[in-house]
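The values are calculated or read from the model by the stated rules, or taken from the named source; none is laboratory data. Predicted model, so just to flag it, every value in this text is computed and none were measured. We place every Cβ from the backbone using ideal geometry, glycine too, and count neighbours over all the protein chains shown. Surface accessibility is based on the protein's heavy atoms, side chains included, excluding ligands, DNA and RNA. Shrake-Rupley method; radii C 1.70, N 1.55, O 1.52, S 1.80 Å.
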Amino acid sequence: MGTLWQDLRYAFRMLAKNPGFTGVAVLTLALGIGANTAIFTVVYGVLLRPLPFPEPDRILQLAESYQAQSDEMSVTWNQLERLREYGQLFERTAGYTDVGFNLATGNEAEHVRGVPASAEYFQVLGVHPELGRDFLPEEDRGDGQRVAILSHSLWMRRLGGDSGVLGHKVLLNGDAYTVIGVLPAGFDPRANSDLNPGVRADVWVPLALVAKTAGSGENISVIARLKPGVTSEQLQSQMDIVTRDFRGRYPNVVGQQLVMSFRPYQAMIGAGMRPFLLVLLGAIGFVLLIACANVANLLLARGSSRGREIAVRVAMGASRVRLFRQLLTEGMLIALAGGAVGLAVAGLGLGSLLAMAPSNLPRLSDIRLDGWVFAFTFLISILTGAVFGIAPALCATKTSLSETLKEGEGRASAGAGHARLRQGLVIGEFALSLVLLTGAGLMIATFAKLMNTNPGFDSHHVLTMQFWMTGSKYNSTPEIMRFYRAVEQRIETLPGVTAAGVVAAGLPLERGGNNGVRIAGPKESEWISMDYREITPDYLQAIGTPLKQGRGFTESDSEASNPVVIVNEAVARKYFQGQSSLGKYLYVGGVLCEVVGVVGDVKSYLDQPAEPTTFIPAAQAKLGTSKLFEGWFPRSIVVRSMGDPLILSQALREALAAADPLVPTGAVRSMDQVLTHSLALRSFMMMLLSIFGGLALVLASVGIYGVISVAVSQRTREIGVRMALGARPADVLRMILTEGLKLVAVGVVLGVAAALMLTRLLEGMVYGVSMRDPLIFVLVNLLMVAVSLAACYVPARRATRVDPITALRYE
């Protein structure tokens with residue numbers, strides 16, 4: 001222990017004697033460690049942090065696997081009941097789905113996210129209400145009973161935290177529900193809804209209330225709590241039996257290549273983000289390796305200058321093991337200091353990182369610095385110290401005693417072996433930098449491609465506002481249409497407005513509704529699932545979707561007129577072999593409709609082809625169908641203006657409130673914002689990979705600058721001799737630059753080979769760009785060469801100014 005204390009004191013003194021070296025080394029590592037800590041904090045919070053439930057590893061979710069890809073599986077009510085028959089390995093099995101409710105209290109209305117759930121739902125999660133109780137089995141049978149459990153935040157926000165709330169009635173979609181419980185603060189089993197990203201659940205009701213309705217009864221997710229002691233082999237064997245049973249009973253749901261399984265609930269929550277986050281963690285790991293290589297180069301250079309000191313200590317009896325331990329201690333102190341500063345960097349940068357993150361990033365509240373993050377930072381600091389400290393320490397302790405003592409302090413050199421090691425580190429830095437820059441280039445090209453992709457509408461100067469009518473006084477399609485017209489008329493009088501319309505079942509570039517469609521004719525087709533929207537006559541003009549054939553809807557397309565439908569071009573391509581769809585007939589949701597118009601393809605996802613879509617007049621929509629879709633997707637007012645549409649935001653809310661203050665409104669967004677939101681994840685990846693690539697390039701440039709500078713200083717005598725014998729400054733400049741470019745060339749070759757292999761990890765994240773796009777590789781290589789030339793030029797230029805007389809007097 002005493003020896004360790006001596007090593008620490010001596011290391012402190014040596015580092016304090018060289019504050020410039022120490023500061024550069026610590027800051028270099030702080031950037032790498034801090035960035036790694038910040039990304040790890042996100043990865044740990046989203047993917048690894050245990051869920052706040054008792055024994056969360058025993059909570060599983062039903063999944064389906066196809067061709068090595070797994071995803072959440074939804075079932076119908078009948079399939080859920082069938083699944084329960086195979087529940088011998090589970091303590092509890094529960095189903096749940098996702099709907100929206102209009103909550104009315106007094107003269108105010110609010111749209112909240114609701115979760116119809118089985119009676120066993122809270123028992124599976126191991127959660128008990130803070131007030132009251134959870135569902136009874138009899139409340140979740142038959143058609144269900146109208147009881148509700150509230151979130152803590154809703155209880156405080158709308159009911160003032162009244163402890164006497166139990167037994168009181170709340171209006172959900174116009175129906176009275178009895179409050180039987182209030183959940184603990186902060187409870188939300190999935191911090192993000194697939195349908196409403198970032199929106200927390202506020203109300204839970206019995207699943208039986210929606211279990212037999214169209215749509216809601218067909219989108220039930222399943223979770224279960226495994227019995228203690230059940231092995232993964234037993235579970236998989238049971239699920240093989242379930243899969244065979246479901247293939248026989250439900251062949252249209254479970255095909256021969258689809259496998260049912262139960263997977264950890266926690267893993268399923270972050271499954272969609274896992275590939276993106278792991279790529280970011282790997283990328284920032286490369287940055288840390290580059291930082292380690294830089295510090296290792298600094299230590300090698302410093303070790304060369306300390307050759308005489310080390311030789312004297314060996315001559316005085318110090319063992320090489322003791323010297324190695326001393327030098328490694330100095331490296332560890334630098335690493336721990338870098339880790340401490342890096343932790344501060346992570347704390348400062350985490351807020352900015354989360355501000356850039358997409359809004360549908362799950363478990364945002366679980367992303368925070370804590371003991372596990374501190375432990376990660378400490379561990380990575382120790383490993384970093386070992387990575388960059390061992391090689392320089394070994395090299396320094398291998399100094400030849402007799403040769404070093406014969407040389408002057410200034411002429412002591414590390415030899416060819418040390419030089420090759422420093423050069424190898426620089427080559428590795430450039431190779432890793434090229435991989436990161438290539439990945440960033442692919443993401444930038446993808447983002448540019450998506451931004452230039454035609455979404456099927458003109459997003460400029462368009463404003464949208466969400467609203468919900470379920471549970472209001474509008475209980476028929478004509479009443480709903482009168483409300484639409486009243487709102488549209490108020491909006492059309494606003495200055496700058498050129499068109500206004502309403503769409504139900506989803507906006508473009510967002511997940512929307514789909515309905516069963518059958519093509520009528522001599523040989524009627526099977527039922528086909530197509531995207532479905534209900535629109536008012538001016539919607540297409542407001543959103544800017546071009547009419548390709550036929551006509552749009554008019555006021556005469558009413559409930560009393562013949563049913564009509566507009567389709568997009570994808571319908572004609574896919575189901576009419578490119579022939580005109582006009583005059584054809586489709587059964588849309590069971591109603592025979594004539595195709596009167598064809599519009600351009602409007603995309604739901606920019607990186608995917610437009611889905612076949614049907615548009616029906618809102619005046620001809622079935623009330624039940626409209627209410628069904630409103631449980632998942634808000635209706636939206638769409639307004640086209642001549643100027644900045646966001647200026648109309650407040651006027652839009654006031655127009656709807658003037659028509660009916662009890663109809664709740666949601667987000668007001670421009671379509672440009674909707675477009676930006678649809679690209680949020682790729683934008684996040686592009687920005688971070690670009691930042692990481694830029695940081696890696698800077699560190700690599702500093703590395704090659706340091707290597708060339710050390711080489712120039714060690715060759716000062718040689719350069720002086722060359723110039724004394726007649727070498728011109730241009731010759732010296734060319735010689736130094738050539739040596740630097742040789743290192744870069746080797747790094748580029750290795751980096752291109754590594755990039756060709758590693759960028760495959762981005763394959764599912766790029767769009768419209770080849771993974772081996774020659775332009776991206778050429779531009780990245782040119783950037784690397786240009787930056788490296790600039791880094792080499794400064795020490796090369798300094799070499800040309802060497803005075804031969806001074807150089808020959810060197811030492």
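Just give me the residues in segment 461-475 being open to solvent by 30 Å² or more (accessible area, probe 1.4 Å) and over 24 Å from LEU540 (Cα atoms), in sequence order.
GLY471, LYS473, ASN475
Restricting attention to segment 156-176, the residues that are free of Cβ contacts under 8 Å to residues at least 60 places away in the same chain and either more than 22 Å from LEU209 (Cα to Cα) or touching a Phe, Trp or Tyr at 6+ places or on another chain (Cβ under 8 Å) (or both) total 11.
For segment 764-801, a residue qualifies if it is within 12 Å of LEU442 (Cα to Cα), open to solvent by 60 Å² or more (accessible area, probe 1.4 Å), in contact (Cβ under 8 Å) with a residue 60 or more places away in the chain and not in a helix (DSSP H, G or I), and exactly one does: GLY764.
Only one of the numbered conditions (1) buried (at least 20 other Cβ atoms within 10 Å of the Cβ); (2) touching a Gly at 6+ places or on another chain (Cβ under 7 Å); (3) at pLDDT below 90 is not met by VAL254, and that is (2). In segment 82-94, the residues that are within 17 Å of ASP134 (Cα to Cα) form Cβ pairs under 6 Å with partners that are in a helix (DSSP H, G or I) and among the hydrophobic types (A, V, I, L, M, F, W, C), at six or more places apart or across chains, as follows: ARG92/VAL124; ALA94/VAL124. Within segment 147-181, restricting attention to residues that are in a loop (DSSP other than H, G, I, E, B) and more than 38 Å from the chain's Cα centre (by Cα), the residue that is surrounded by the most Cβ atoms within 10 Å (Cβ to Cβ) is VAL165.
As a summary of the residue check, LEU4 satisfies the conditions (1) crowded, with 16+ Cβ neighbours inside 10 Å; (2) modelled with pLDDT under 90 except for the one numbered (1). Please find, within segment 81-117, the residue that is modelled with the lowest pLDDT out of those that are hydroxyl-bearing (Ser, Thr, Tyr) and closer than 23 Å to ALA667 by Cβ. My answer is THR105. I need every pair where a residue in segment 488-514 that is over 19 Å from GLU654 (Cβ atoms) and of a type outside the set (A, V, I, L, M) has its Cβ under 6 Å from the Cβ of a residue that is assigned to a strand (DSSP E or B) and open to solvent by 50 Å² or more (accessible area, probe 1.4 Å), sequence separation at least 6 or different chains. What qualifies is ASN514/SER529. Considering segment 710-734 alone, what residues qualify as being open to solvent by 20 Å² or more (accessible area, probe 1.4 Å), of a type in the set (A, V, I, L, M) and in contact (Cβ under 8 Å) with a residue 12 or more places away in the chain? Across segment 710-734, the qualifying residues are VAL710, ALA711, VAL721, MET723, ALA724, ALA730, LEU733. Consider segment 278-335 and keep the residues that are modelled with pLDDT of 85 or more, closer than 20 Å to GLN423 by Cα and of a type in the set (Gly, Ala, Ser). The one that is surrounded by the most Cβ atoms within 10 Å (Cβ to Cβ) is ALA291. Please go through segment 226-257 and give me each residue that is more than 21 Å from PRO56 (Cβ to Cβ), under 34 Å from the mean Cα position of the chain (by Cα) and part of a loop (DSSP other than H, G, I, E, B), ordered by number. Those that are more than 21 Å from PRO56 (Cβ to Cβ), under 34 Å from the mean Cα position of the chain (by Cα) and part of a loop (DSSP other than H, G, I, E, B): ASN252, VAL253, VAL254, GLY255, GLN256, GLN257.
Within segment 214-230, restricting attention to residues that are open to solvent by less than 60 Å² (accessible area, probe 1.4 Å) and of a type in the set (S, T, N, Q), the residue that is modelled with the highest pLDDT is SER221. The strands (runs of 3 or more DSSP E) located wholly in segment 511-614 that include 1 or more residues which are open to solvent by 50 Å² or more (accessible area, probe 1.4 Å) occupy 514-519, 528-535, 547-550, 585-588, 591-599. Within the option set GLU594, GLU630, GLU555, being over 19 Å from VAL503 (Cα atoms) and charged (D, E, K, R) holds for one residue only, GLU594.
Summed over segment 629-659, residues that are out of contact with any Ser or Thr (no Cβ under 7 Å at 6 or more places or on another chain) and either in a strand (DSSP E or B) or surrounded by fewer than 22 Cβ atoms within 10 Å (Cβ to Cβ) (or both) total 12. Counting the residues of segment 483-497 that are outside any helix (DSSP H, G or I) and open to solvent by 80 Å² or more (accessible area, probe 1.4 Å) gives 2. If you check PHE40, PHE21, PHE12 for being open to solvent by 20 Å² or more (accessible area, probe 1.4 Å) and at pLDDT 90 or above, only one passes: PHE40. Is it true that GLY578 is without any contact (Cβ under 8 Å) to a residue 12 or more places away in the chain and under 30 Å from LYS449 (Cβ atoms)? Yes, satisfied.
In the condition set (1) modelled with pLDDT of 90 or more; (2) not in a loop (DSSP other than H, G, I, E, B), PHE135 is compliant with all but (2).
Kindly establish whether SER641 is modelled with pLDDT under 90 and more than 25 Å from the chain's Cα centre (by Cα).
no
Scanning segment 348-367 for residues that are in contact (Cβ under 8 Å) with a residue 12 or more places away in the chain and in a helix (DSSP H, G or I) returns GLY349, LEU350, LEU353, LEU354, MET356, LEU364, SER365, ASP366. Suppose we keep only residues that are open to solvent by 20 Å² or more (accessible area, probe 1.4 Å) and over 23 Å from the mean Cα position of the chain (by Cα) within segment 433-460. Which one would you say is modelled with the lowest pLDDT? Applying the filter and picking the extreme gives ASN454.
The residues in segment 669-709 that are open to solvent by less than 30 Å² (accessible area, probe 1.4 Å), within 21 Å of ARG635 (Cβ to Cβ) and either of a type in the set (Gly, Ala, Ser) or touching a helix residue (DSSP H, G or I) at 6+ places or on another chain (Cβ under 9 Å) (or both) can be counted, and the count is 3. The single condition among (1) assigned to a helix (DSSP H, G or I); (2) touching a strand residue (DSSP E or B) at 6+ places or on another chain (Cβ under 8 Å) that LEU277 does not meet is (2).
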